[in-house]
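First up is the structure itself, then whatever we jot down about it.
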Amino acid sequence: MQIRQLTILLIILFFSISCTSSRWVVVDQNATDERIDPVILEERNILQITEEPTVDNPVVTYGIFTVAEQQFVQRIQVERTIQRYRPRWGYLTLGLAGATFAALAANTSTVMPSVSSGAKLPLNVTAASLALLSFSNMQPTGDPIFTGETELMRRSGTEIVSDTLRSRFTDVELDVKAEIFLNDSLIFSLDETGPSAGALSINLAQVADFIEGDISDDTSVSVRLAYNNDSLNHTFNVTDFLSPYVLITSPVAVLRNAPVQNDLNVITEVGEGSSLQLINRDPEGWFRVRFGGSEVFINSNVGVIEWLAEGTEDAPDVFEFRDVPFGEIDVENSVPILKPRNINDRAIILTNGFAEQAEVRPYLDRGHELFMFYMRHALQMAENQIHYIRMDSTRDWKAELEAVSEINGEGSLFVYLSGFGTLARPGTIYLDFAEEKEGDGLFTEFIFPEFERINPSALFLKADLQFGFINGETISSASRSGYNSVLQEFSGRLQRAIPNSFILFSHRPGQRSSVYAAAGFENQRHHIFNYYWAEAIKRRNTRVHELVRHLENNVDFTSRRLHDRPQEIQAFGNFSLNITQ
């Protein structure tokens, strides 16, 4: 019975025995001892960016930070853990079996019939020893449980830590030299500047005035700061703080709702000096811009791209001209009747200003309307006496000129020549888009002979051509290259064909025919030359010398006043003619 009970007890112990224990484990060989204040080895002030520039606020701000090198004491850090153990079943079985055998041998006759009293003690000690050894040989089960209870033991070394903190002092003095580079080229610098109220601010918008050449979306600038023995360099993309705008350089720019030159898609007109936000560039020669919350188009030759910051006090300006129907400008109404109708008078408008390759000239069509208005009302011509001929690369316009009926010396011929021409020495003017640049030009081969065929008693030619130059010379160089004689030689050939003629040019070669409009001035919606030509006739200056005097007194003066550039008319031929005869 005792053996059975002992066996059952051993079986219960066999399956239930387990234990837990706690121990300290090294978790960090070099733990910082925060109980001891660090030793400060070195302190210095540096600048770091605290605010990046944006388009709304193109200012980069640097704050003052203190860099401190501190030496900390390091110790070995241990943490208490709890571990669960279970017996090693093989060792436990063998040990308990041996202990059981020794106990049975010492205390019963089951194993040995009789045991001396002297042998019982060693056998019992052996049984107890085997049982203890069996239960002491345990193995860990599961992961140890960390209690979070830590202790710092012996010292293991020291650690030097560099810590950067925002300086709590606002009166730190730093002599800073700031330089701004574009593609490794210095464009702007500030010497011996310093932080104020604990910060240094640099407005990147001001560098836009120093950037020359084209700027793309990939263009970047580098800001380099040098102070004490330190330096700081950051690169910013231009689009981070600037936006592209189109600065209108033409006196008048027409805004359209489509990238097509058409009288029906005009939205409004803006003046020189206006800035419109650029959306993108059209490869066909148009800018897509933002105007009043809408996307509109302007011709690329009326402005240049500039980069501006939207958040600056100097907001982009837009000088919008109000829409003025024809007849509201002073020279477009109240025209005196200067002569009775002569059915033999003729008027011709020859223009290449609307050809496909032509640039946009503002108010060109309004100038034509002004000319026809004066022909109809001041000189009393009927509609069938006025011919409006648009020249292009086809030959249809030539048939229109050939269809003008002859006068047979009984009337005058008034010609308005507009658009674009190319000058070549000696004495040749080519009409762009209407001919090849060879020979003596289209005038002497076709136009002059047609004028001679019409056979007027007097010819009045008014020419407002924007000149180019056959050798690719610029306007500024052409004014010094002897092209002034070209107009005189050209006029001489026309006078030889029709002696009783007068030829009037709107400007010298190397100059421009300017528009009577500018920022801050009223827009007269005509070229200066056409405006004062009409004003002279309205004031009854019908003799050629009176007309020329009025133009000389006003055209050049107005061009210099509005656009700061000269515009000197050129007149040739018979100055004694009268347009009313």
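The values are calculated or read from the model by the stated rules, or taken from the named source; none is laboratory data. Predicted model, so just to flag it, every value in this text is computed and none were measured. Don't worry about glycine lacking a Cβ; one is built from the backbone with ideal geometry, like all the others, and counts go over all protein chains shown.
Things worth noting here:
- Selection status of Tyr388, surrounded by fewer than 16 Cβ atoms within 10 Å (Cβ to Cβ) and closer than 28 Å to Gln511 by Cα: yes
- Being modelled with pLDDT of 90 or more, over 25 Å from Trp533 (Cα atoms) and assigned to a helix (DSSP H, G or I) is not true of Glu445.
- Picking from residues in region 525-565 that are surrounded by 20 or more Cβ atoms within 10 Å (Cβ to Cβ) and in a loop (DSSP other than H, G, I, E, B), the one that is farthest from the chain's Cα centre (by Cα) is His526.
- Scanning region 327-357 for residues that are over 11 Å from Ser418 (Cβ atoms), in the same structural domain as Phe414 (by TED's automatic domain parsing) and within 39 Å of the chain's Cα centre (by Cα) returns Ala355, Glu356, Gln357.
- Scanning region 242-267 for residues that are part of a loop (DSSP other than H, G, I, E, B) and either touching a residue at least 60 places away in the same chain (Cβ under 8 Å) or out of contact with any strand residue (DSSP E or B) (no Cβ under 7 Å at 6 or more places or on another chain) (or both) yields a total of 8.
- Scanning region 221-230 for residues that are surrounded by 13 or more Cβ atoms within 10 Å (Cβ to Cβ) and modelled with pLDDT under 80, we see that the one that is farthest from Asp175 (Cα to Cα) is Asp230.
- Whether a residue is closer than 29 Å to Phe319 by Cα and at pLDDT below 95 was assessed, and Tyr532 does not pass this test.
- Pick from region 42-79, criterion charged (D, E, K, R) and over 45 Å from the mean Cα position of the chain (by Cα), ranking: surrounded by the fewest Cβ atoms within 10 Å (Cβ to Cβ): Glu42
- Between Ala197, Ala205, the distinction of being in the same structural domain as Ala68 (by TED's automatic domain parsing) and modelled with pLDDT under 70 belongs to Ala197 only.
- In the set Arg395, Arg390, Arg425, only one residue is modelled with pLDDT under 95, basic (Lys, Arg) and closer than 30 Å to Ile337 by Cβ; that residue is Arg390.
- Selection within region 268-308: residues that are in contact (Cβ under 8 Å) with a residue 24 or more places away in the chain and among the β-branched types (Val, Ile, Thr). The member of this set that is surrounded by the fewest Cβ atoms within 10 Å (Cβ to Cβ) is Val304.
- Of all residues in region 450-467, those satisfying the criterion of being free of Cβ contacts under 8 Å to residues at least 60 places away in the same chain and part of a strand (DSSP E or B) are Leu459, Leu461, Ala463, Leu465, Phe467.
- Of the set (1) modelled with pLDDT under 90; (2) buried (at least 21 other Cβ atoms within 10 Å of the Cβ), all apply to Gly472 but (2).
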